[in-house]
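Step one of this worksheet: look at the structure below.
Each reported figure results from applying straightforward, stated rules to the coordinates on display, with no laboratory input. Computed from a prediction, not measured in an experiment: that's the story for all the values here. Every residue, glycine as well, gets a Cβ built from its backbone with ideal geometry; the counts of neighbours run over all protein chains shown.
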Amino acid sequence: MLLQKFGIDISAKDYSRNLERLMELLFSFRFSLARSSLKEAKAELSTINSVINKVKHFLWNKCTGGAFAKGDNTVMALYESFYRKLVLRDRSLPRPWVFTTNYDLFNETAMDRLGLPYANGFSGVVERRFNPATFRYALAEQLDVASRKWSAVDGFVYLGKLHGSISWTEDDHGLFPIREIAISQPPGKVMIFPTPAKQNSALGSPYADLFREFQSRVVREQSVLFTIGYAFGDEHINNIIYQALTIPTFRLVIFADPTLPGEIAKLRELNDPRIWIIGGDGPDVGRKAHYFDTVIEEFMPQRPSERIDDAVKKVLDAISSKKAGEE
């Protein structure tokens, strides 16, 4: 329909290799067709919704299937190592913020397994609903009951999922109609849209709230933004980063292939000393310096006790494997 009537081929390279561009196109057409008075618009709207649902199911399967769903903990171990090292910060520094465009639950699961407290914009227990006010909260421990002295808890993390999550769903109840649920069935109203141009505008909640948090953290004095695995394919995010580059004290560290074309090439050509692009060949054959595992192992700090933790883990894994073999 798009090819015949509008000359837009969604199988072309611009869309087949860029899911965000495809979804922006589909949501734009759905927005227009839903408000059209033409008779044929209803049938065309049904076709667009069908394509959108196929993309959502594709994303759902990618985020819930794979080797990790069959007992392979390789990726989860990387995330756990990432967060163990991330929280090694001086207590005088602000608590770290992690923003991701991924829809999977590796971040949340890793922090849960490590026992790290975090704020992801949701509050509640039985019904966890999106409440942006939680990003203003901090977790503290009481040091002295008599004098009511408090100290911020170490290891607290703020997590913002800019493109949604497979654990988010739309809900018609309450002041905050976005809920966080346990994933157990394919997407219905699950919010895993890879673009904030959702339904009627890019200003809808929770996307507007999340992008506002991202902007408030990046566009400030003495801030540093590290990007890992981000190819600068999202204009909404890019605009905020470029706005931050107008601040003299802002620093941008990009872990990516330095030979990539597009936005990364443009940033490289600026020759801005505040922009570092780290990538290329890694310490071993087949590994790149900008890969997630290399960044964690080679660039992030390691506490002395972590080597002991790794050794203990290897022993426990060996014992478990031996018991499984005996059974």
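A few comments on the model shown:
- Hits in the range 5-34 - residues which are among the aliphatic types (A, V, I, L, M) and surrounded by 14 or more Cβ atoms within 10 Å (Cβ to Cβ): 8, 10, 19, 22, 23, 25, 26, 33, 34
- Considering (1) of a type in the set (S, T, N, Q); (2) part of a helix (DSSP H, G or I); (3) without any contact (Cβ under 8 Å) to a residue 24 or more places away in the chain, the lone condition that residue 243 does not fulfil carries the number (3).
- Filter pass, residue 9 being out of contact with any Leu (no Cβ under 8 Å at 6 or more places or on another chain), in a loop (DSSP other than H, G, I, E, B) and not polar (S, T, N, Q): no
Conditions (1) in contact with a strand residue (DSSP E or B) (Cβ under 6 Å, 6 or more places away or on another chain); (2) closer than 28 Å to residue 214 by Cα; (3) of a type in the set (Gly, Ala, Ser); (4) surrounded by 17 or more Cβ atoms within 10 Å (Cβ to Cβ), marked per residue:
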site: 60; (1), (2), (3), (4): no, yes, no, yes
site: 76; (1), (2), (3), (4): no, yes, no, no
site: 86; (1), (2), (3), (4): no, yes, no, yes
site: 103; (1), (2), (3), (4): no, yes, no, yes
site: 125; (1), (2), (3), (4): no, yes, no, no
site: 131; (1), (2), (3), (4): yes, yes, no, yes
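- Scanning the range 35-44 for residues that are in contact with a Leu (Cβ under 6 Å, 6 or more places away or on another chain) and surrounded by fewer than 17 Cβ atoms within 10 Å (Cβ to Cβ) yields a single hit, 41.
- Selection of the range 245-263 for residues being surrounded by 15 or more Cβ atoms within 10 Å (Cβ to Cβ) and either of a type in the set (Val, Ile, Thr) or over 23 Å from the mean Cα position of the chain (by Cα) (or both) yields 247, 253, 254.
- Among the numbered conditions (1) surrounded by 18 or more Cβ atoms within 10 Å (Cβ to Cβ); (2) part of a helix (DSSP H, G or I); (3) over 19 Å from the mean Cα position of the chain (by Cα), the only one that residue 266 does not meet is (1).
- Of the residues 28, 16, 36, the single one that is small (Gly, Ala, Ser) and farther than 26 Å from residue 235 by Cα is 36.
- Against the list (1) out of contact with any Gly (no Cβ under 7 Å at 6 or more places or on another chain); (2) touching a residue at least 12 places away in the same chain (Cβ under 8 Å); (3) not in a helix (DSSP H, G or I), the condition residue 285 fails is (2).
- Note on the range 46-152: enclosed strands (runs of 3 or more DSSP E) holding 1 or more residues that are out of contact with any helix residue (DSSP H, G or I) (no Cβ under 8 Å at 6 or more places or on another chain) and either closer than 28 Å to residue 27 by Cβ or free of Cβ contacts under 8 Å to residues at least 60 places away in the same chain (or both) are 128-130, 140-144, 149-152.
- Odd one out for residue 232 among (1) farther than 24 Å from residue 135 by Cα; (2) outside any helix (DSSP H, G or I); (3) more than 18 Å from the chain's Cα centre (by Cα); (4) not acidic (Asp, Glu): (3)
- Within the range 282-303, considering residues that are within 22 Å of the chain's Cα centre (by Cα) and among the β-branched types (Val, Ile, Thr), the one surrounded by the fewest Cβ atoms within 10 Å (Cβ to Cβ): 294
- Taken over the range 246-258, residues that are farther than 17 Å from residue 100 by Cα, touching a strand residue (DSSP E or B) at 6+ places or on another chain (Cβ under 8 Å) and not in a strand (DSSP E or B) amount to 3.
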